[in-house]
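Before any comments, here is the structure.
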Amino acid sequence: MAEFPSDFIWGTATSAYQIEGGYREGGKGISIWDAFSRIPGKIMNGDTGEVACDHFHRFEEDVQLMKDMGVNAYRFSLAWTRIIPDGTGDVSEEGIAFYSKLIDLLLENNITPWVTLYHWDLPVALEFEKGGWLGDDISDAFAHYADVCFSHFGDRVTNWITLNEPWVVAMLGYGQGVFPPGIVSNEAPYIAGHNLLLGHAKAVDVYRNKYQDKQKGQIGIANNCDWREPLTDSPDDLAAAERALEFFLAWFADPIYKGDYPASMRERVGERLPEFTAGEQAMLKDSSDFFGLNHYTTMYAADATNKNSEDSVYGNGGISEDQDVQLSVDPSWSKTTMNWAVVPWGFQKLLEWIDTRYDHPPIIVTENGCAFDDKPENGEVHDAERLDFYKGYLAGCRTAISNGANVKGYFAWSFMDNFEWVFGYSRRFGMHYVDFETLERIPKSSAKWYARVIAKNSLDVQG
Ligand code: GAL
């Protein structure tokens with residue numbers, strides 16, 4: 001069956017730092033990504049998000065392109081530094097006005113805004129003053145910022161995502177140190193992760209107590225996870241794959257759906273894993289109205305408990321010793337330019353794993369997509385590999401739905417090529433090509449195909 005449920009949410013996604021530019025305009029403050037990308041050697045080719053796709057000035061054109069694609073939803077993030085430039089102080093009316101215009105325009109075009117409050121661009125002031133996500137009261141600062149956003153936009157925005165990918169913030173920012181604030185540690189990721197979860201819970205608490213009854217919206221979190229397929233059928237490898245998923249997704253989802261971290265993490269991380277108080281647990285439990293999932297790839301997982309080889313392919317960075325899982329890929333799998341394997345059945349399995357473990361939650365795929373080396377030819381971009389990727393992954397999603405997973409919506413990452421973090425502009429994830437010299441946008445073949453899929457609510461379309 002190629003058809004999707006009749007009320008399926010078809011969207012596309014972006015984030016503020018990756019597309020907006022206008023980095024000192026409208027009173028915007030400096031974020032940790034503004035600062036980090038200015039450090040020589042951190043970002044490929046010395047790229048920064050200072051201009052990015054210039055969406056700050058071109059949002060009207062972008063909304064029109066979304067309209068042309070026929071999406072009924074658009075997921076984007078608010079830059080904390082546009083709204084509260086120094087993180088905790090005065091609210092910038094200009095920042096509020098910018099997002100208000102964008103939200104109104106989306107609604108005029110029947111595109112439902114899905115708003116992420118935090119997509120990694122922490123005000124740099126909070127890095128200095130509070131120690132970023134390691135700070136004891138950073139979660140309160142986040143809840144305050146969330147409150148400001150609900151009060152200004154909640155009359156029109158009814159779909160909120162607190163955090164994008166706390167795993168990435170914790171692991172890449174505080175474990176491997178390749179993202180800001182650049183900390184390398186085997187303890188800091190767990191503290192940062194803990195504070196991110198508390199920030200999420202406190203923001204949801206504010207929304208539920210002050211706004212939800214009146215504004216009638218929903219609020220959740222977007223977690224990311226790859227699929228981990230057991231390398232063999234041995235009980236050790238089966239357990240390793242499960243453990244890998246627990247250290248990845250359940251780290252952030254179990255506290256929300258079950259009230260605490262997974263037992264495998266408690267056992268292996270020991271004292272480095274913080275404890276929740278009873279009050280915090282109560283606040284966290286059931287704090288997501290939907291299960292937001294960002295998904296990109298799959299790897300095999302094998303038990304590595306008794307391995308001490310230095311050349312083990314561990315993956316998952318500096319805290320991988322805590323997991324004892326060896327990751328690998330099948331060399332026959334095709335790869336994107338991120339070097340991520342294209343494995344649509346992994347997506348299906350992950351959706352079904354979530355359905356089982358978390359008792360059939362409504363799932364919103366908040367990101368799924370791929371990077372390829374697209375090149376315009378005679379003003380057109382035929383991104384055949386991306387088309388194949390989406391056909392495969394959406395078919396995997398459709399199968400998971402047939403098998404009982406309650407998938408309610410899907411956001412393609414990304415609406416347009418943008419600043420791909422440490423890879424700068426060298427990785428193109430968009431359904432729209434962006435010429436980073438002229439800032440011209442060109443709908444790729446995938447955008448046109450996606451429009452046909454959305455119009456028919458089915459994968460059974462031409463192309
Ligand atoms: C996600 C992230 C996005 C985007 C994508 C592709 O982890 O939320 O911002 O960069 O990956 O790498």
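Of note:
- Between Lys216 and Asn457, the FRET efficiency from the beta-carbon distance, with R0 = 30 Å, is close to 0.75.
- Computed magnitude of the charge dipole of region 256-402 (debye, nearest 20; Cβ of K, R +1, Cβ of D, E -1): 300 debye
- Calculated on the alpha-carbon coordinates, the convex hull of region 46-144 measures out at 117 cubic angstrom per residue.
- Within region 22-92, trypsin sites (Lys or Arg not before Pro) in DSSP loop having at most 12 other beta-carbon neighbours inside 10 Å: Arg24
- Sequence-distant contacts, meaning Cα pairs under 8 Å at least 6 residues apart, place the relative contact order of the chain at 18 percent.
- Pair-distance distribution of region 87-172: all C-alpha pairs, bin width 10 Å, starting at 0; shares per bin in whole percent are 15, 46, 30, 9, 1.
- Spin-label model, Asp435/Trp333: points 7 Å from Cα along the beta carbon direction are separated by 3.6 nm.
- log₁₀ of I(q)/I(0) at q = 0.24 Å⁻¹ - region 357-459, Debye sum with one point per alpha carbon: -1.30
- Residue-wise HN-Hα coupling along region 236-245, computed from phi with Karplus coefficients 6.51, -1.76, 1.60 (Hz; x: Gly, Pro): 5, 6, 4, 5, 5, 5, 5, 5, 4, 5
- Distance distribution P(r), the chain, all Cα-Cα pairs, bin width 10 angstrom from 0: 4, 21, 33, 29, 11, 1, 0 percent.
- Mean-position separation - Cα centroids, region 402-449 and region 320-353, in angstrom: 21 Å
- Cβ-based exposure ranking for Ile364, Ile43, in which fewest neighbours within 10 Å come first: Ile43, Ile364
- Separation in nanometres of the label points that stand 7 Å from Cα toward Cβ, at Gln281 and Met44: 4.4 nm
- Taking all C-alpha pairs of region 138-208, those more than 15 Å from each other amount to 55 percent.
- For region 381-430, convex hull volume per residue from C-alpha positions, Å³: 95 Å³
- The stretch between Thr88 and Asn406 holds 110.7 nm of extra length on full extension. This uses 0.36 nm per residue minus the Cα-Cα distance.
- Structure-based [θ]222 nm, the chain - -39500 (n - 2.57) summed over DSSP H runs of at least 4, per residue, nearest 500: -10500 deg cm²/dmol
Computed from the coordinates by the stated procedures, all read-outs in this text should not be read as laboratory data. Since the model is a prediction, treat every value here as computed from it, not as a measurement. All Cβ positions, glycine included, derive from the backbone under ideal geometry; neighbour counts span all protein chains shown.
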